[in-house]
1. Under 18 Å from the Cα of K221, which lysines turn up, not counting those fewer than eight places away in the same chain?
2. Could you tell me the relative contact order of segment 42-116? Use alpha-carbon pairs under 8 Å, at least six residues apart, and round to a whole percent.
3. Work out the charge dipole of the chain with +1 on the Cβ of Lys and Arg and -1 on the Cβ of Asp and Glu about the Cα centre, then indicate which of P214, P3, W97 is farthest towards its positive end.
4. Expressed in nm to one decimal, what extension gain is obtained for the pair A111 and T169 from 0.36 nm per residue of sequence separation less their Cα-Cα distance?
5. Considering amide H positions built from the backbone, and no H for Pro or chain starts, which residues 5 or more places from D248, or on another chain, come under 5 Å of its amide H?
6. Summing -39500 (n - 2.57) over the DSSP H runs of n ≥ 4 in the chain and dividing by its residue number, what mean residue ellipticity at 222 nm do you reach, to the nearest 500 deg cm²/dmol?
7. Classify segment 9-118 from the C-alpha gyration tensor, please: rounded if a/c falls under 1.5, else prolate or oblate depending on whether a/b exceeds b/c.
8. Heavy-atom accessible area per residue, the chain, 1.4 Å probe: how many Å²?
Amino acid sequence: MRPGEQDLAVLHALTEAREQHKALTDLLDFYHDLYEVQFEAKAAITGPLARDALAARWRLEGGIPQLSFEYLSLEAEGFCDLVSRIADVLGRHNPGWQNALEEHRPDELLALAREVFETWDTLTSPAVRGEGSEEDETAVHPMALAVAFALAPVLQRAAEAILPQLELTDWAHGYCPVCGGRPNFSLLEEERGARRLMCSRCNALWPYSRVGCPYCGSREKQTYYPSEDGVYRLYVCPDCDRYLKTMDLRGVFRQVHPEVERLLTVGMDLAARQEGFGDG
């Protein structure tokens, strides 16, 4: 099914970015192929849709994200087909992963999907962590990565349906009000520089205080390092050793697609990790 206009615009922006950022060709080619599969899958999803208003408000007031794994109602055959298509993309761009991306039974993939959904931010599940986890605690098994990428269009479709119905004025949490994911990008809005966090899983945007670390809640010692043009900032928190990339939209006079900007700032990720900081 043909992706929506917004998703087509993201693909177009990726193509343009590839011409402007030659050093990122491999990265942008991979995400263009991945996004094509994800956006087609998202366009074919008819649910899950928005929650009942009363249930949505109850969850908001309790600090509970709107989505649970059960609410996703994953259909085994369709989800496994999507995992297979994404595994093909991963294997094509990472030939060394071919053996690790072998087919799994539907029940195994759904069980892994639950583990990924519930432990992705902390990587505590042995099924999610890769074979090299003893040396690298952040290593992720390629099949778990394929499953996470397959969950993304489901979560994004749900976010598009749910987010417009949520009153987020009192949501002061550093995790996503829709799926519970952690942010890995943020925006400072054009008019007043108010901050919005962007979910690493469903791409939802929600307001958050300009002051304070969204990961540990510390309101002290945060500092940031701006890019040469002042458009991007790398915030770091010495209390929890995490970082957050931010784009300042004040003074930016072009169409911005956060899904693409998050990729174009990969240099900030590398710099932060070299200094011992981790992402969300």
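The values are calculated or read from the model by the stated rules, or taken from the named source; none is laboratory data. Just so it is clear, the structure is predicted and the values come from calculations on it, not from any experiment. When we count neighbours, we look across all protein chains shown, and the Cβ atoms used for this are built from the backbone with ideal geometry, even at glycine. The accessibility values were calculated without ligands, DNA or RNA, using every heavy atom of the protein model including side chains. Shrake-Rupley method; radii C 1.70, N 1.55, O 1.52, S 1.80 Å.
1. Qualifying lysines at Cα under 18 Å: K245.
2. Values: 22 pairs, mean separation 20.0, N = 75.
For segment 42-116, the relative contact order is 27 percent.
3. P214
4. On the way: separation 58, 0.36 × 58 = 20.88 nm, distance 3.53 nm.
Residue separation times 0.36 nm, minus the Cα-Cα distance, leaves 17.4 nm.
5. Here L188, Y232, R233 satisfy the definition.
6. On the way: 9 runs with 117 residues, N = 280.
Only helices count here, giving -13000 deg cm²/dmol.
7. Details: a/c = 2.40, a/b = 1.42, b/c = 1.69.
Oblate shape, in that a/c is at least 1.5 and b/c is the bigger or equal ratio.
8. Working: 14450 Å² over 280 residues.
In whole numbers, the chain has 52 Å² accessible per residue.
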